[in-house]
Amino acid sequence: MSALTPVRPPEIYYPDSDGKPMAESDVHIRQLINLRFALLHHFSEDPLVYVGANMFVYYVEGQSKKNVAPDVFVVIGVAKRDRTSYKIWQEGKAPALVIELTSESTREEDLGNKRVIYADMGVREYFIFDPLKEYLIPRLRGYILVGDEFVPMNGGPLFSNVLGLEFRVDEEQLRLYNPQRGEYLLFPDELQLEIEHERLRVLELEQQADQERERATLMEGQADQERARAAQLETQAEQERARAAQLETQAEHERARADQLETEAEQERARADQLAQENARLRAELERLRGQS
């Protein structure tokens, strides 16, 4: 090999897994899955929000040991796609929010080393929850980055400006609450139940629609019968009107005939009176002639 040939540095291997279990207990696993699912569903329409869980986040290029594996983390402004690990120098964005599900065995790391690393990375909000109530009092804590250090969040429900959501403990679980909608983000079983309720509601509405269509068909049939009956009655009415007009014409003719006969009767009465007068005159003349003879 020539002395001038540049030596290619060895390729850095960044493992995707350390071979350790996903979480310490079923409660931790269930809580992790529920939180990630709720966030994935909440941001499903935003292509520039990535939600990761229990994944290596590498924060120093060229140093594969410089990594941390948050239980749940959210990055704002990167494409939503599948990843096996998250390298900050490639993505150009550090996680904006991290959630750690702590335990007695991880307390020193969650409250110490990880907290420092997340602050150095530029994580804006850091939440720690103790699912089994092993040591943390209160069991949910929130921190916000001020300068280069995390300071505790104060007040009532812990509000995340990154997510626009509240962190609440409800029925022993860490929940994410949407104050604008006044409801919790749904966990998988809750969403499945809601989908089932909606499916049953759709079936119910479809059945009601079928019943209404059947009723409309029945009423349309009745309407057709009524229209046919009305047409029949209208035809009968036309016939009756024609018959009435015919009878009225006949009545007019009869009245005219009666008037004519009345006139003829008057004429006959006048002629009878004239004949009676002539007859009386003739009888009187006859009597006069008899008296002269």
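Readers should treat all values here as calculations from the given coordinates under stated rules, not as data from a laboratory. Because the structure is predicted, anything quoted here is derived from the model rather than measured. Cβ coordinates were reconstructed from backbone atoms using ideal geometry, including for glycine residues, and neighbour counts include every protein chain displayed.
Mind checking segment 167-259 for trypsin sites (Lys or Arg not before Pro) that DSSP puts in a loop (not H, G, I, E or B) and that have at most 12 other Cβ atoms within 10 Å? Those satisfying the criteria are Arg181. Only one item in [x] 197, 60, 35; [y] 70, 41, 40; [z] 56, 42, 41 matches Cα extents along the principal axes in Å derived from the coordinates shown, and that item is [x]. Given a 10 angstrom Cα cut-off, can you work out which residue in Glu190, Glu262, Glu226 is the most mobile in a GNM of the chain? Of the options given, Glu262 has the highest mean-square fluctuation. Rounded to the nearest 20, the size of the Cβ-charge dipole of segment 187-293 about its Cα centre is 1800 debye, with Lys and Arg at +1 and Asp and Glu at -1. In terms of packing, defined here as the mean over residues of other Cβ atoms within 10 angstrom, the peptides 264-273, 65-74 line up highest first as 65-74, 264-273.
Peptides 75-85, 53-63, 131-141, 116-126 ranked from most to least packed give 116-126, 53-63, 131-141, 75-85, packing being the mean of other C-beta atoms within 10 angstrom over each peptide's residues. Taking the longest Cα principal axis of the chain as reference, the axis of helix 26-42 is set at about 50 degrees. Among Glu104, Glu11, the order by Cβ neighbours within 10 angstrom, fewest to most, reads Glu11, Glu104. With the simple model of a label 7 Å out from the Cα in the direction of the Cβ, Asp170 to Leu140 spans 0.9 nm. Between 0 and 90 degrees, the angle of helix 188-292 with respect to the longest Cα principal axis of the chain falls at about 10 degrees. For the chain, averaging the sequence separation of C-alpha pairs within contact (under 8 Å, six or more residues apart) and dividing by the residue count gives a relative contact order of 10 percent.
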